[in-house]
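J.: The structure that follows is given in the form of structure tokens.
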Amino acid sequence: MKAEYINPFIKASKDILTQMTHVEYKVGKPTLKSSPCNANNIVILIGITGDIKGQAMINLNKSVALNVVSNMMGGMEIAELNDISKSALSELGNMILGNSATLLFNAGIKIDITPPTLMIGDNLSISSDQMKVISVPLEANEEKIELNIFVKE
């Protein structure tokens, strides 16, 4: 998997998370995983089509999700995953992938993205046609969000 495909997703994730939550996220060491990919309680899944194909999966647990949404809403306390908080999480995924698409386009790589799918549950597992998965942790204040990119040319 080429770095030129993955780096825009990492940059967009870090930039959008920092911009929307006002918290500085640090990028951890990317690792290679195989599909299926196990997930926490909450997954934002967005399809990728065009010059590269695959999926982006943003993986976080419920407490991190509530904190992210609270920060997105200016510090308003969010105690549960209601319709507004679910919508905010989906929009966060949409912004990250939209910015990734712009960065890729500027590098000569054209993609389109699908609307986000928000999945909530226990023991989630995402599989994508035996594709390799690049997993990138984004961490702030002892909280971790995992960006998983499944792509093929």
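Taken together, the values in this text are just the output of simple stated rules run on the coordinates, not laboratory data. Note that this is a predicted model, so its numbers are computed, not measured. Note: ideal-geometry Cβ built from the backbone for every residue, glycine included; neighbour counts use all protein chains shown.
J.: Could you let me know the centre-to-centre spacing of the stretch 132-149 and the stretch 62-94, using Cα atoms, in angstrom?
T.: Between the Cα centre of the stretch 132-149 and that of the stretch 62-94, the gap is 18 Å.
J.: Hey, another quick one. So if a site counts as exposed when it's one of the trypsin sites (Lys or Arg not before Pro), its DSSP state isn't H, G, I, E or B, and it has at most 14 other Cβ atoms within 10 Å, what's the longest stretch of the chain without one? Numbers along the way, then the final one.
T.: On the way: sites that count: K2, K110.
Here the longest segment lacking exposed loop sites spans 3-109.
J.: What full-extension length gain, to one decimal in nm, is calculated for S127 and K144 as 0.36 nm per residue of separation minus the Cα-Cα distance?
T.: Going from the current span to full extension adds 4.0 nm.
J.: Right, something else. Figure the gain on full extension for T117 and A79 (residue separation times 0.36 nm, minus the Cα-Cα span) and round it to one decimal in nm.
T.: 11.5 nm
J.: A further question on this structure: Just add up the charged neighbours of N67: K/R +1, D/E -1, any other residue whose Cβ is under 11 Å from the Cβ of N67.
T.: Net charge around N67: -2.
J.: Each label point is 7 Å from the Cα along the Cα-to-Cβ direction; what then is the distance between the points at K29 and K110, in nm?
T.: 3.9
J.: Contact order normalised by length for the chain, with contacts defined as Cα pairs under 8 Å and 6 or more residues apart; what percent is it?
T.: Working: 302 pairs, mean separation 60.7, N = 153.
Reported relative contact order: 40 percent.
J.: On to the next question. Students often get this wrong, so try it: which of (i) 98; (ii) 132; (iii) 115 is volume of the Cα convex hull per residue in Å³ as calculated from the structure shown?
T.: (i)
J.: I need L124, L147 ordered by Cβ neighbour count within 10 Å, fewest first.
T.: Going from least to most buried by this count: L124, L147.
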